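Okay, structure first, notes after.
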Amino acid sequence: MAGGVVWRAAARSLRKGTMRLMEQPRVVTALRAASAVVESETSCYHHRASMWSSVSRSASTARDSAPQDGGLLRVLKSEIQHEKDDYEPPSTLARGPPQPFTIEDKPGKLEVTLRRAYGEEDIEVTCIFEPGMAPEEEGEEEYHDEDSEIPDQNVVHMTVSVTKRGEQPVLEFSCVVDKSNFSIGSVRYLEGKESKAEPVFDGPDFASLDENLQNQFKKFLEARGIDGDLADYLSDLMEDKEKREYSRWLQNIEAFVKK
């Protein structure tokens, strides 16, 4: 009985001593630091586990998609190499556009723009290339869709805008380039550049105009450098651009699939 009392008294004394020790500032600080370390290690463990799980999923996805994409990448690589081997820029482009035209040709853009000044006028020539139907391979049956709008040959659509410096009206010629020649499809008079986005009278059918008037309109353009030399340059330029843009498109697709 006396032994039990002694042990209970000793236990109470020990608890009181422990509580007093726990209340000491340095002990409290140490315990808090130890708790923070444990929490940090636990957090790092969970972060590493989550990271490796994500990496594992990504690697699994890459392994799953790689066999499917391999065929596409091989064909793309082959086509890119074929275009590189087959590409030869026309010699007419080495010297640049006929003077004094300057050119703006941005990769990825459909349009090519040429500009020049003529007296008190600003001349802007905008071109878009429209590829024609591919030639029939030997042994293939010739097929033409009557509703198809694809031209039989490559076509360069050319728009010539003539403005008087400091004034708003624009004289706009819609033309088609055919090798070393060009033809006018319509002539529009626009009150201002902003009116291009609005429905306006396009003028009469150009082919229905008096022949002398048609000839004078063409001479009007020729005097401003819109002539056979420019048409010849634009034909080569736009066909070359089509090839360059196709190669660029292939390379962009290849880079995307590889990611």
Linear extension gain, Glu245 paired with Tyr87, 0.36 nm per residue minus alpha-carbon span: 55.7 nm
For Val170, Val75, order by how many other beta-carbon atoms lie within 10 Å, fewest first: Val75, Val170
Length gained when the stretch Asp178-Glu121 is fully extended (0.36 nm per residue, less Cα-Cα span): 17.9 nm
Cut-off under 5 Å, modelled amide H: who pairs with Glu121 long-range: Arg165
For the pair Asp236 and Leu209, what calculated FRET efficiency results from E = 1/(1 + (r/R0)^6), where r is the Cβ-Cβ distance and R0 = 25 Å, to the nearest 0.05? 0.25
A correct Karplus calculation of ³J(HN,Hα) over region 184-191, with 6.51 cos²θ - 1.76 cosθ + 1.60, θ = phi - 60°, whole Hz and x for Gly and Pro, returns 8, x, 7, 10, 10, 10, 10, 5
Measure off 7 Å from each Cα along the Cα-to-Cβ vector at Gln168 and Ile128, then give the distance between these two points in nanometres to one decimal. 2.6
Ranked from fewest to most other Cβ atoms within 10 Å of their own Cβ, Asp227, Asp69 fall in the order Asp69, Asp227
Listed residue pairs exceeding 24 Å between alpha carbons, taken from Lys77/Lys241; Lys109/Lys164; Lys77/Lys243; Lys109/Lys218; Lys84/Lys241: Lys109/Lys164; Lys109/Lys218
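Every read-out reported here was derived from the displayed coordinates using simple, explicitly stated rules and does not represent laboratory data. Note that the structure is predicted; figures quoted are calculated from it, not measured. Note that each Cβ is placed from the backbone with ideal geometry, even for glycine, and that neighbours are counted across all protein chains shown.
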